[in-house]
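One structure is given below, encoded as structure tokens.
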Amino acid sequence: MERDDESNGPMMELCTNGGGEETSNRRPIITGEPLDIEAYAAMYKGRTKIMRLLFIANHCGGGNQTMQLEALRMAYDEVKKGENTQLFRDVVSKINGRLGDKYGMDSAWCEMIDRRAEQRKGKLENELSSYRTNLIKESIRMGHNDFGDFYYACGLLNEAFKNYIKTRDYCTTAKHIIHMCMNAILVSIEMGQFSHVSSYVNKVDQNPETLDPIVAAKLRCASGLAHLELKKYKLAARKFLDVNPELGSSYNEVIAPQDVATYGGLCALASFDRSELKAKVIDNISFRNFLELVPEVRELINDFYSSRYASCLEYLGSLRANLLLDIHLHDHVDTLYDQIRKKALIQYTLPFVSVDLSRMADAFKTSVSGLEKELEALITDDQIQARIDSHNKILYARHADQRSATFQKVLQMGNEFDRDVRSMMLRANLLKHEYHAKGRKP
């Protein structure tokens, strides 16, 4: 492997994945530890906690029945703390008697909750009717808001959304509008309507009132999730990186601080260039607080920036199974991993005139033939300027001749200057001799 210049000592560490002396003192790799469902569920509350547990139960694979039943058991216990009888019935159906009689259908509980809900609904309707009769805007707003809370607790998300939106006509202060938007954002995330999320985030951003830091952090998280859903990873990364650490656990009905670190870190790795990664992630003091909560993500970002690609990819491999169980990230894991790997391959080859494919394959824990195919795709897409010597298994970079390019640029600029000067002189002479070209008469 050859460098562009003579001082190839430090840069040669790239080809050996950063050297053994440094990695020996670093934190050991965590190799695919199974998800601790109890610890994971403890990071959330409310409906999202139940939905995440059900998502794990549906996606952990038929072979992992222990994890599936544990997730369903916790979902059963959690749903009985609320008022959503339909969701309770769904959980019982998924358990299907596999956890014994204790986790079976509780018809008496369902009847009690449904009866209580009907009574509560009737009371809210009477109150709202009274408020409308008296034409008290604030009371009407609170009435619709209470209806929204009621329907949200019962799992009727469309009805909840409609009632939260109805409060807009009765908002009298900027805080009322912000409250309405935050409720609409919460329900929209639960329904998966991320276009609504972006719309209401923008509505709050246009509000002239200075936002509370925690409210602003919640909006960044919601906007980040919306961009993530649309696969706009760079925009998502920027939103998550801007989240104020004061957020803490205050938005755990939607997202945990550990998620901010994971989503933001992976999206940044997949979309930022090297300088952005350094300035906006590694040197970002605020985001560092989130990264400390997920050491694996912190380490893989540092490994990527330090060109320790084997270690970085090993961390990614250890995280993959758990990331596939994340309700927001699961659809994006393959795309993000692919983009991160491509960036690593490109970054590895940049400093060198030639690269030994055998050593590069060792650094990326892959076969030479597999590496060749990956490099061929990158060369075809014009992401790497190089050619492959398949016989000797060497990648040769096609570096532009800077000296020749500079001369060509100077000549081009000279020719353009000569043309401009001649045009100016011609125009000056025409004006001097009062020569005017007359148009042909029609």
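The values are calculated or read from the model by the stated rules, or taken from the named source; none is laboratory data. Just so it is clear, the model here is predicted, and its values are computed rather than measured. Backbone-built Cβ (ideal geometry, glycine too); neighbour counts: all protein chains shown. When the accessible area is computed, the model is the full protein with side chains, heavy atoms only, and any ligands, DNA or RNA have been set aside. Shrake-Rupley method; radii C 1.70, N 1.55, O 1.52, S 1.80 Å.
The numbered conditions (1) farther than 23 Å from Ala270 by Cβ; (2) open to solvent by less than 70 Å² (accessible area, probe 1.4 Å) are all true for Asp205 except (2). Taking the range 95-113 as the range and being more than 21 Å from Ala153 (Cβ to Cβ) and part of a helix (DSSP H, G or I) as the test, the residues that pass are Ile95, Asp101, Lys102, Tyr103. Taking the criterion of being under 23 Å from Lys232 (Cα atoms) and not in a helix (DSSP H, G or I), the residues of the range 295-325 that qualify are Leu324, Leu325.
Every listed requirement among (1) assigned to a helix (DSSP H, G or I); (2) in contact with a Leu (Cβ under 9 Å, 6 or more places away or on another chain) is met by Asp362 save one, (2).
For every residue, the table says whether it meets (1) of a type in the set (Lys, Arg); (2) free of Cβ contacts under 8 Å to residues at least 40 places away in the same chain; (3) open to solvent by less than 20 Å² (accessible area, probe 1.4 Å); (4) in contact with a strand residue (DSSP E or B) (Cβ under 7 Å, 6 or more places away or on another chain).
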site	(1), (2), (3), (4)
Gly224	no, no, yes, no
Lys232	yes, yes, no, no
Ala236	no, yes, yes, no
Asn244	no, no, no, no
Gly248	no, yes, no, no
Ser275	no, yes, no, no
Leu291	no, yes, yes, no
Ala310	no, no, yes, no
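Answer yes or no: is there a residue in the range 150-172 that is within 27 Å of the chain's Cα centre (by Cα) and not in a helix (DSSP H, G or I). Within the range 150-172 (the criterion being within 27 Å of the chain's Cα centre (by Cα) and not in a helix (DSSP H, G or I)), the answer is yes, since at least one residue qualifies. Beta carbons closer than 9 Å, at least 6 apart along the sequence or on distinct chains, never pair a first residue in the range 114-135 that is at negative phi and outside any helix (DSSP H, G or I) with a second that is hydroxyl-bearing (Ser, Thr, Tyr) and loosely packed, with under 10 Cβ neighbours inside 10 Å. For the range 268-281, a residue qualifies if it is more than 17 Å from the chain's Cα centre (by Cα) and under 23 Å from Leu319 (Cα atoms), and the qualifying residues are Arg274, Lys278.
Here Phe407 passes the criteria (1) under 32 Å from the mean Cα position of the chain (by Cα); (2) at pLDDT 80 or above; (3) open to solvent by 90 Å² or more (accessible area, probe 1.4 Å) except the one numbered (1). Scanning the range 358-404 for residues that are of a type in the set (Ser, Thr, Tyr), farther than 15 Å from Gln347 by Cα and surrounded by 15 or more Cβ atoms within 10 Å (Cβ to Cβ) yields one hit, Thr366. Would you call Glu296 closer than 22 Å to Leu225 by Cβ, free of Cβ contacts under 8 Å to residues at least 24 places away in the same chain and either acidic (Asp, Glu) or touching a helix residue (DSSP H, G or I) at 6+ places or on another chain (Cβ under 7 Å) (or both)? It is false that Glu296 is closer than 22 Å to Leu225 by Cβ, free of Cβ contacts under 8 Å to residues at least 24 places away in the same chain and either acidic (Asp, Glu) or touching a helix residue (DSSP H, G or I) at 6+ places or on another chain (Cβ under 7 Å) (or both).
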